[in-house]
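Enquirer: Structure provided below as C-alpha cells; questions to follow.
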Amino acid sequence: METLISSLDTQLAFAITHASDIAAARRAGQRLATELGFDETRAGQLALIVTEAGTNLLKHAGEGTIYVNVSQSEGVPGIDVLAVDAGPGILDLDACLRDGMSTAGTAGTGLGALKRLADEFDVWSQPGNGALFFMRLWKDDSVPGMCRVDVGALTVPLAGEDACGDGWGVACDGAGATLLAADGLGHGPEAAAAANAAIRELQRLPGSAPGRLVDAAHQSLRITRGAAMAAARIDFGAGMLHFAGIGNINACVIDGDGRRALVSHNGIVGHNVRKIQEFSVPCPPGALCIMHSDGIQTQWDLDKYPGLLGHSPALIAAVLMRDYIRRRDDAMVLVVRRRAGRV
C-alpha cells in the first residue's frame, strides 16, 4: 500500500516555559487524536506522553519545545511527539530511563514512562548539549507494517506568521520513495500556497521521476509566486537516489562513504526554469537523504553530535532545526533514511 505524508498534515509546536504550556500541548494533542480516530485509551496514552515529556523539559532544562505531528504508515495514522531542549543534557541515559531514577528529586518515573507508553521511542543526549526525545503512537496497539523509509521532518514559520512557506512530502510504495522539499518565495500565506501546490503535485504523481515531478510543479505553480523545489526518488531495487532541483534547496546523501551534495540549477519553479536535470547517487540501506530550505544554515556537521547518525531521522531533523535555524525566514528540514527492508 502506498503511504503519503507531508507538511499538509497537522504539525504543531509548543514553546514550553511553564506548566500551562504543557496543558496547552496536551489539549492540542488530544484534539488531534480525536480527529484521527484514536480511541479513549490511546488518546489517554498520548496525553500522558505529552505531559511527561513537557514536565521533564521544565524539571531538567528549564524550557524547551514540544512538537506534535501526524505520521503515517501504509495508511495507518499515528502521532509523533518530539521533546527538544538545549539544557545540560543527561550524563547516564540508561540509568535515567529506569523507573525510580531521578536527578531532580522526583519519583523518577517520567522518562521510563515515555519509553513504555510509546510504540516507537528514541532519545539522544550529549552532556552540555541538551536532550531530545522522540515518541510515536499509532492509532491502535497493532503497529502497522513500516514503509521502507523512516521520515523525520519539521517546519517552523517566520516569527509572527501562522503559515509556513516551506513544505515537504514523502510518498512511499513497494518500488521506492519519492521525496519533495519546497520553499515558497517570501513568507506568509502566499509563500505557503506555492509550497502546498508543489506538494499536491506529489500527491498526484507519487511514484514519479524527480524531473517529471519538478516539471509538473513548474506548470501548476504558474499562478503562485513560485518556489525553490527539490525532488528525489529512492529506487529500492537499484539502490540509487535520483535527484532534480531548482533554486536554493540544500540536499545531500550521507552513507558510509561520507556526504554527497546534490546539485540544483538556478531558477524559480512556476516562473523561470531553464533546465531540469536529474543526477543519481548511490543510496544503500541505511543511507540518509537530508533536504532543507535556506531558513537553515548550510554549515552544519553531524559529526559534532556523537552517535546521532544512528538515531531516528526525527531526532536528526530536530537537532538541525534547534541549532542551525536562521530565524529570519521560514525553515524546513526533511530527513529520510532508507531501511534495509520491512520491519
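The values are calculated or read from the model by the stated rules, or taken from the named source; none is laboratory data. Quick caveat: nothing in here was measured; it's all calculated off a predicted structure. Cβ coordinates were reconstructed from backbone atoms using ideal geometry, including for glycine residues, and neighbour counts include every protein chain displayed. Surface areas here come from the heavy atoms of the whole protein model, side chains and all, with no ligands, DNA or RNA. Shrake-Rupley method; radii C 1.70, N 1.55, O 1.52, S 1.80 Å.
Enquirer: Does T41 count as surrounded by 20 or more Cβ atoms within 10 Å (Cβ to Cβ), of a type in the set (V, I, T) and at pLDDT below 95?
Expert: Values: surrounded by 20 or more Cβ atoms within 10 Å (Cβ to Cβ): no; of a type in the set (V, I, T): yes; at pLDDT below 95: yes.
Taking the combined requirement at face value, the residue does not satisfy it.
Enquirer: Picking from I254, I276, I290, which residue would you name as being assigned to a strand (DSSP E or B) and surrounded by fewer than 24 Cβ atoms within 10 Å (Cβ to Cβ)?
Expert: On the way: I276 fails: assigned to a strand (DSSP E or B); I290 fails: surrounded by fewer than 24 Cβ atoms within 10 Å (Cβ to Cβ).
Answer to the selection: I254.
Enquirer: Moving to a separate point now. Looking only at residues in segment 204-234 that are under 21 Å from the mean Cα position of the chain (by Cα) and not hydrophobic (A, V, I, L, M, F, W, C), which one is farthest from A181 (Cα to Cα)?
Expert: Filtering segment 204-234 for residues that are under 21 Å from the mean Cα position of the chain (by Cα) and not hydrophobic (A, V, I, L, M, F, W, C), the one farthest from A181 (Cα to Cα) comes out as G207.
Enquirer: Can you say whether A287 is aliphatic (A, V, I, L, M), more than 21 Å from A191 (Cβ to Cβ) and modelled with pLDDT of 95 or more, as far as the supplied structure shows?
Expert: On the way: aliphatic (A, V, I, L, M): yes; more than 21 Å from A191 (Cβ to Cβ): yes; modelled with pLDDT of 95 or more: yes.
Considered against the rule, which asks whether it is aliphatic (A, V, I, L, M), more than 21 Å from A191 (Cβ to Cβ) and modelled with pLDDT of 95 or more, A287 comes out as yes.
Enquirer: I want to confirm something. Restricting to segment 303-343 and keeping residues that are aliphatic (A, V, I, L, M) and over 16 Å from the mean Cα position of the chain (by Cα), which single residue is nearest to F14 (Cα to Cα)? Let's see the steps before the verdict.
Expert: Filtering segment 303-343 down to residues aliphatic (A, V, I, L, M) leaves 308-309, 314-321, 325, 331-336, 340, 343.
Applying the additional criterion that residues be over 16 Å from the mean Cα position of the chain (by Cα) yields 340, 343.
Values: A340: 34, V343: 32 Å.
Looking at the filtered set, the residue picked out is V343.
Enquirer: Does segment 136-149 contain at least one residue that is open to solvent by less than 20 Å² (accessible area, probe 1.4 Å), touching a residue at least 60 places away in the same chain (Cβ under 8 Å) and over 28 Å from G54 (Cβ atoms)?
Expert: yes
Enquirer: I'd like the full set of residues that are farther than 13 Å from N272 by Cα and either touching a Cys at 6+ places or on another chain (Cβ under 8 Å) or open to solvent by 50 Å² or more (accessible area, probe 1.4 Å) (or both), limited to segment 210-222.
Expert: Of everything in segment 210-222, just one residue is farther than 13 Å from N272 by Cα and either touching a Cys at 6+ places or on another chain (Cβ under 8 Å) or open to solvent by 50 Å² or more (accessible area, probe 1.4 Å) (or both), namely R212.
Enquirer: In segment 236-244, is there at least one residue being out of contact with any Cys (no Cβ under 7 Å at 6 or more places or on another chain), over 18 Å from R212 (Cα atoms) and in a strand (DSSP E or B)? Write out each step before concluding.
Expert: So in segment 236-244, the residues out of contact with any Cys (no Cβ under 7 Å at 6 or more places or on another chain) come out as 236-238, 242-244.
If we keep only those that are over 18 Å from R212 (Cα atoms) too, we end up with 236-238.
Next, from what is left, pick out any that are in a strand (DSSP E or B): none.
Within segment 236-244, none of the residues are out of contact with any Cys (no Cβ under 7 Å at 6 or more places or on another chain), over 18 Å from R212 (Cα atoms) and in a strand (DSSP E or B).
Enquirer: Exactly one condition in (1) open to solvent by 40 Å² or more (accessible area, probe 1.4 Å); (2) modelled with pLDDT of 95 or more is false for E35; which is it?
Expert: In the conditions (1) open to solvent by 40 Å² or more (accessible area, probe 1.4 Å); (2) modelled with pLDDT of 95 or more, E35 misses (2) alone.
Enquirer: For segment 1-95, list the strands (runs of 3 or more DSSP E) that sit wholly inside it and hold at least 1 residues that are touching a Cys at 6+ places or on another chain (Cβ under 6 Å), of a type in the set (V, I, T) and in contact (Cβ under 8 Å) with a residue 40 or more places away in the chain; which are they?
Expert: Numbers: elements: 3-6, 11-16, 64-73, 76-84.
Counting at least 1 such residues, we get 3-6.
Enquirer: Grab the strands (runs of 3 or more DSSP E) fully contained in segment 119-216, keeping just those with 2 or more residues being over 26 Å from G87 (Cα atoms) and not aliphatic (A, V, I, L, M). Don't jump to the end; show me each part of the working.
Expert: Values: elements: 120-125, 131-138, 149-156, 166-172, 176-184.
Where strands (runs of 3 or more DSSP E) fall fully within segment 119-216 and carry at least 2 residues being over 26 Å from G87 (Cα atoms) and not aliphatic (A, V, I, L, M), they are 166-172, 176-184.
Enquirer: Next question, about the same structure. Of V273, V269, V214, V281, which residue is hydrophobic (A, V, I, L, M, F, W, C), at pLDDT below 95 and in contact with a strand residue (DSSP E or B) (Cβ under 9 Å, 6 or more places away or on another chain)?
Expert: Testing whether each residue is hydrophobic (A, V, I, L, M, F, W, C), at pLDDT below 95 and in contact with a strand residue (DSSP E or B) (Cβ under 9 Å, 6 or more places away or on another chain) leaves just V273.
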